Amino acid sequence: MNVLTDNFSLYGKGLWGTVQLTLYASALALAVGVLMAGFRVSPVRALRVFGTAWVTVLRNTPLTLLFFAVLLGLPRFGVVLPFTVFAVLALGAYTSAFVCEAVRAGINTVPLGQGEAARSLGMTFAQTLGLVVLPQATRSVISPIGSTLIALAKNSAIAGSFSVTELLGTYKPLSEQGYSIVWTFVWIAAGYLIVTLAISAVFHVLERKLKVAR
């Protein structure tokens, strides 16, 4: 217990860093993922090709390699940003591919007649997708997106290896101070558990509300 009580501020700083990474990367992943899902079902072939390439490349690229590409590669092209921003970009881009597939699967559950009826009323593809299809698809994608964001929270641990303040990175200074490595990781695990349970609770509430709305 003294590992936690003696270093509560350090754990708190690491936990807050993980929460921030999760929130910002989740927002990016949701925005880009929904956009890519729209591309993948678009009637424009170039957009479908781009969306497919985005998903294929990112889903089959190890996240650690993507971190190296973003944190070490972008500065070579003159893009200099704080490491935390680079970490958000890597996490968000990687997770967006999985969000995209979840949303696309949800879109496929909406009857084709819904889209055809919208188009018969003169609605554009973007209007049909945003006002008719996505609101109905949302109900079926809440659970898989929740699981995806929980995975994102756990994947944020990789950022600690790239000088980003987050929960897993707290083990380094504690290990150097001679604290028990076992208890150090027990409290780190507890922190991740808090974050993932919070995400699970939020999506459980959303799922229940949307079920009532059916």
### Task
Considering only the stretch 16-125, give the helices (runs of 4 or more DSSP H) lying wholly within it that have at least 1 residues that are open to solvent by 20 Å² or more (accessible area, probe 1.4 Å) and in contact with a Pro (Cβ under 8 Å, 6 or more places away or on another chain).
83-108
### Test set (1) assigned to a helix (DSSP H, G or I); (2) out of contact with any Lys or Arg (no Cβ under 7 Å at 6 or more places or on another chain); (3) modelled with pLDDT of 80 or more - Y192 fails condition number
(2)
### Message
Return the residues of the stretch 74-89 that are free of Cβ contacts under 8 Å to residues at least 24 places away in the same chain and either closer than 19 Å to V32 by Cβ or of a type in the set (K, R) (or both); say none if nothing qualifies.
### Response
L74, R76, V79, L81, V85
### Lone unmet requirement of (1) of a type outside the set (F, W, Y); (2) part of a loop (DSSP other than H, G, I, E, B); (3) open to solvent by 20 Å² or more (accessible area, probe 1.4 Å) for L134
(2)
## Note on the structure
Picked from the stretch 109-124 (must be hydrophobic (A, V, I, L, M, F, W, C) and modelled with pLDDT of 80 or more), the residue nearest to the chain's Cα centre (by Cα) is V110
### Summary
Within the stretch 155-167, residues being open to solvent by 50 Å² or more (accessible area, probe 1.4 Å) and within 15 Å of L10 (Cβ to Cβ) number 1
### Query
Out of (1) within 18 Å of A31 (Cβ to Cβ); (2) at pLDDT below 80, the odd one out for G178 is which?
(1)
### Message
For the stretch 27-50, check the following and say yes or no: at least one residue is among the polar types (S, T, N, Q) and under 20 Å from the mean Cα position of the chain (by Cα).
### Response
no
### Message
Which of the numbered conditions does S9 fail, given that it passes all the others? Conditions: (1) part of a helix (DSSP H, G or I); (2) within 13 Å of F162 (Cβ to Cβ); (3) without any contact (Cβ under 8 Å) to a residue 40 or more places away in the chain.
### Response
(2)
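This table checks each residue for (1) closer than 26 Å to F86 by Cβ; (2) of a type in the set (A, V, I, L, M).
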{"site": "L149", "(1), (2)": "yes, yes"}
{"site": "A157", "(1), (2)": "yes, yes"}
{"site": "G169", "(1), (2)": "yes, no"}
{"site": "S180", "(1), (2)": "no, no"}
{"site": "Y192", "(1), (2)": "yes, no"}
{"site": "V195", "(1), (2)": "yes, yes"}
{"site": "A201", "(1), (2)": "no, yes"}
{"site": "H204", "(1), (2)": "no, no"}
### Query
Which one of these is touching a residue at least 24 places away in the same chain (Cβ under 8 Å) and within 20 Å of A90 (Cβ to Cβ): A69, A25?
A25
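The values are calculated or read from the model by the stated rules, or taken from the named source; none is laboratory data. Here the structure is a predicted model, which is why all the values come from computation and not from measurement. Glycine also receives a Cβ, built like all others from the backbone with ideal geometry; neighbour counts cover every protein chain displayed. Side chains included, ligands, DNA and RNA excluded: accessible areas come from the protein's heavy atoms. Shrake-Rupley method; radii C 1.70, N 1.55, O 1.52, S 1.80 Å.
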